Structures are given as structure tokens and as C-alpha cells.
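Here, each number is a calculation from the coordinates, and none is a lab measurement. If you're wondering where the values come from, they're calculated on a predicted model, not measured in any experiment. Cβ coordinates were reconstructed from backbone atoms using ideal geometry, including for glycine residues, and neighbour counts include every protein chain displayed.
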Amino acid sequence: MAFRAQDLVIALSPRRILIPIVIGLVVASFMLYTSLSEERFALSEDGVGPYTWVDLNENTTQDEGEFLLAGKDGTHDRISYQDILTGINWTWISVVWIFAAFLLMLVRDVAYMYRIRLLTDNAISWRKSFDVIMLWEFASAISPSVVGGTTVALFILNKEGINTGKSTAIVLITALLDELFYVLIVPLVILLVGTASLFPVAMEMALFGETLGTAGIFITAYTVLALYSLLLIYGIFINPKGFKWLIIKVFSLPLLRKWHDWADRTGDEMVIASTEFKGRSISFWLKAYGATVLSWTGRFWVVNCIILAFTPVGEHMLIYGRQLVMWSILLLTPTPGGSGFAEFAFSGFFQDFIPIGLAASLAIIWRLISYYPYLFIGSVVFPRWLKRVFKSN
């Protein structure tokens, strides 16, 4: 039986849309509540607590199973993030800098909205670009960092009236601009702060049979991103057809043949992206890259503002550099939005800039500002967006 227009209108009625909004808000609230209720071990303020830390595996890292009951001889308490947050001493300076952190997130999102309008030749309005960016961030927040929201972005742009070819080209170009920001800013920051203090946390990861430390993980991630950027530049601006031929040949090898269809699609996408963007003016690219730099700078300097809210600090470029290292490692985490690992990494990377006992508090404040808002906004925007795009079609 055919699906009538009246059925679509009924299915997308305000009452029907309200249900998924409520469900989305409940899920986001549950995720936030779970994070705040999660317990951790922390050094007691007076140095006396029921638990003590014993470095059983001798890796100098406080692992969960290494806190043992010690009675009156202990030094640590088991407390939740909610307990930690309620214990913060808020001042007007704290409020001002936290407000500045929110403003930087706003700058980040507006810069992204400007960039998406630029890349679509202003085919979508500011209002629609808000929906696109919020849904893109929502998809990234609920999917593992290694996956991101790329596939969802293609769907969103297509439903906003951007044809499939151009949507694919836009997603590729945004990826290139984002990677170029990182690839170009890292050497500059290293020149300013050096490498001696960039890796304060001892981490290990097994890769191709080798165990890499924190510096090794960072170098590997940076190398992969740099090579990826070079491949995109070659495929989009230099020789798209040659890139397609090469990638198809490589994935025709016996060991890689099962990914041959993916390689064929990727080659087609490069050709499309090249057709769409190869002849753009220098002014166009300066605007696009400028918006990218502004958005990422806003995102990274949120941490500086959060630290300034509770303690004066002068080494802002070192904090910035450590964020670049932490971000590359978060890309490899399997959890949605880097949840869990992000809070741990924050405490480790910035503990020497933060007063004793505040690291966990600032980590959760950072996530409350930079991660959880997209869950709540996305929960509201997504059903309303579905109603708008499908009703209009």
C-alpha cells in the first residue's frame, strides 16, 4: 500500500516529535548522571582515608585495582565526581572564566557554521547550518572517536538539498581542513615550547607488535594524519584520476581485495571533490582555513579558561601543546566521544597546572562544557530536523 502525504504529516506531528525529544533528553541526562555518579579514588584532603595505593604492576600509574583497604593507615577516599564538584570553592573569577569557556565553544560553533555555509556556496541558511553543525557534533559525541560523524554528515547535507556528489566533496574538504590545522600547528607549538614537557603521562599502546609510549603514540598519530592530509591534497588538487587508479590497484592485491569496493568509491569521491573545489580562489581557501583555525583554537583554549577559573597560570602555550598531544591520543579511543578516557587523560596531562585535588573536578567541568551540551542540543534538534526535512520533501 502506498504511503500517503497525510500519513507522513501525521507521523511527523508535534506530538510524535515530542516523544523522541523526551527520550533523547532522558538518555543524555542518564549519561550525564552516570558520569557524575562514577566513583574514583582521590587523595584525602587531610591525608587520612580508608584506602591506600599500592603500585602492584610497578608502572607508576594509579590503576583501579591497586587501591586496597588500609583502615586508619590509608591515604585515599572513594568519592564520586558529583562529590568533587560540590566541594569546589566558586568565586566571581571562576564564574567569569567559565563563562569565557562557554563563549569559546560558541565561537567554535559559529566558525563551523560559517565554514559549512562557505563550502556550500551559501546554499543553506544560518539557521540550517546550525542544525547541520549541531547534528554533526551530536553524531560525533555518540560514536567512537575513531568513527566520528562523517557518515551522518553526508546524510544531513544531502537532506538539506546538497546533492550527493557535493555533500561528499564537502565532507572530504572539511576533513582536509581539520587535519591541515593540526599538521601545521603542531610544529609551530613544538618550536615554542619544546618537547621536554609535552608528555607528562606514561601511557602504552600495542601497535603492529610494538609497544609505544606516550611520545610514540603521538608521533604515530601525527604521522598518520600528515600522510592522510598529503593523500587528500594529491587526490583533490593534483591528480584525482591518478589517485583513483593507484588506490584501486593497491586494493586489488589479494590481501586487500575485500576492500576493493571501498577503494573504488573513495576514488570516485576524490574525483568529485576535485571537480567541485579545484578551481576555487585563494580568498575562498583563506576564509575556509581561517574559519577552521578559529574553530579549533576556540575548542582548545576552553581548557586554558577552565584552569584560569581556579588558579593563575602563565604557561598557556604548554597547556595548548599538551592538548594537541591528548587530542591525537583520544582519536584512538574506542568509546563514544572518548568518554571515560578523556577525563583520565585530562587529569594526567594538566595535573601540574592545577591545585592538588582539583584535577578530577576540572576534568568533569571540561566535559560538561565541551561534550555534554551537544548530547542535549542534538536530542532536541534531531527530531525537529527530521520533521522539517522530510515534511518539506
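Put simply, when 166-174, 245-253 are sorted by average Cβ atoms within 10 angstrom per residue, most first, you get 166-174, 245-253.
If you take the square roots of the eigenvalues of the alpha-carbon gyration tensor of region 235-308 and sort them as a ≥ b ≥ c, do you get rounded (a/c under 1.5), prolate (a/b over b/c) or oblate? Oblate is the answer for region 235-308, as a/c is 1.5 or above yet b/c matches or exceeds a/b.
Under a model in which nothing but the beta-carbon of Lys, Arg (+1) and Asp, Glu (-1) is charged, region 87-392 shows a dipole of about 1080 debye around its Cα centre. Pairs of Lys residues in region 87-392, spaced 8 or more positions apart or belonging to different chains, with C-alpha separations under 26 angstrom: 25 in total. Separation of region 365-391 and region 255-301, taken as the distance between their Cα centroids, equals 25 angstrom. Relative protection proxy for 365-372, 237-244, from highest mean packing down: 365-372, 237-244 (other beta-carbon atoms within 10 angstrom). Full extension of the segment from Asn158 to Asp121, taken as 0.36 nm per residue of separation minus the current Cα-Cα distance, would add 11.9 nm.
To the nearest 0.05, what FRET efficiency results for Asp352 and Leu256 with a Förster distance of 45 Å applied to their C-beta separation?
Details: r = 45 Å, r/R0 = 1.00.
In this case the efficiency is close to 0.50.
For Val95 and Val313, the difference between the fully extended length at 0.36 nm per residue and the C-alpha to C-alpha distance is 76.8 nm.
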